[in-house]
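These notes are about the structure you will find just below.
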Amino acid sequence: MKITYLGHSCFSFQLKGKDIIVDPFISGNPLAKDIDPDQIPADYILITHGHEDHILDAERILKRTDATVISSFEIVSWFNEKGYKGHPMNTGGSYDFEFGNVRTTHAVHSSVLPDGSYGANPMGFVLQNDEHCFYISGDTALTMDMKLIPRVCPPLDFAILPIGDNFTMGYKDIPIAVEFLKCNRIIGCHFDTFDVIKIDREKVTEFFNKNGIDGKILDVGESVEM
Ligand code: NI
Ligand code: MN
């Protein structure tokens, strides 16, 4: 499965022929200036929480693609009111979509929508079908709840976790997350976009290597086979 990093916490990939985007924040991210949000195909947009750095381009993409939003009940209702379609969920629930099952997970963070509307509890997602199983944590602290994931889901192929610190867990938390998740293939996100989350790639790579972690720090626009 090819997964493409579109900057910050935004990723795109295909499952069972369906184009899925996570947390679209492109036009507001100078590091993603070479990505055109009007060219990204989307059947589904997964949104972890209401913060602008996860939602900014969702409406623009929805307008063009008629994609379905998958998020919390409150965030989906916010998009419904604007005339877009969505599938509402809440933390801990799972649902079988045409591309596979989505299970929402607890994230320790906050969430408010850009216009001040209540953004509900932030969440992460485990996506699984007969070919893949992976975890997208969303913005979160390192949390004990990560221990539940290998108990309730098949073994993870990989996990997308924040590494930028300050607003979320940082790269130094990854070894513990890896232990909790029983998965050491990690793709980092939520780094470099703002001054306070800038990382030293060399230092982080060295830290991952020293701890036996297969940690990928992708360039914006880069794709990896996972
Ligand atoms: Ni956030
Ligand atoms: Mn964020």
For this session: Please report ASP53, ASP23 as a ranked list, fewest other C-beta atoms within 10 angstrom at the top and most at the bottom.
Result: ASP53, ASP23
For this session: Specify the inter-centroid distance of segment 15-58 and segment 211-226, based on alpha-carbon positions, in whole Å.
Result: 18 Å
Seminar exercise, completed: The aspartates and glutamates whose Cα lies under 16 Å from the Cα of LYS18, excluding any fewer than 8 residues away in the same chain, are ASP43, ASP66, ASP96, GLU98, ASP130, GLU131
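Multiply the residue separation of SER110 and LYS198 by 0.36 nm, subtract the distance between their alpha-carbon atoms, and state the gained length in nm to one decimal.
29.6 nm
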Exercise. Restricting to the chain, what percent of DSSP beta bridges are antiparallel, rounded to 5?
Worked result: 55 percent
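Would you order HIS109, HIS190 from fewest to most other beta-carbon atoms within 10 Å of each residue's own beta-carbon?
So the residues, fewest neighbours to most, are HIS109, HIS190.
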Seminar exercise, completed: log10 I(q)/I(0) for segment 108-169, Debye formula on C-alpha points only (no solvent), q = 0.24, 0.30 Å⁻¹, two decimals, reads -1.04, -1.28
For this session: Kindly flag which residue pairs out of LYS2/LYS82; LYS182/LYS210; LYS63/LYS147 have an alpha-carbon separation exceeding 28 Å in this structure.
Result: LYS2/LYS82; LYS63/LYS147
For this session: Averaging sequence separations of C-alpha pairs under 8 Å and six or more residues apart, then dividing by the length of the chain, give the relative contact order as a whole percent.
Result: 18 percent
Exercise. Using helices alone, what [θ] at 222 nm do you get for the chain, with -39,500 (n - 2.57) per DSSP H run of 4 or more residues, divided over all residues and rounded to the nearest 500?
Worked result: -5000 deg cm²/dmol
Seminar exercise, completed: When the charge dipole of segment 2-225 is computed with +1 at the Cβ of Lys and Arg and -1 at the Cβ of Asp and Glu, the Cα pointing farthest to the positive end, of SER9, ASN80, VAL108, is that of VAL108
For this session: Whole number please: convex hull volume per residue, Cα atoms of the chain, in Å³.
Result: 108 Å³
Problem set entry | Assigned charges on the beta-carbon of Lys, Arg, Asp, Glu; the chain dipole about Cα centre (debye) | 460 debye
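Just so you know, all these numbers are worked out from the coordinates, no wet-lab data involved. Keep in mind that this is a model prediction, so the values were computed, not measured. Cβ sites come from the backbone with ideal geometry, for glycine too, and all protein chains shown count toward neighbours.
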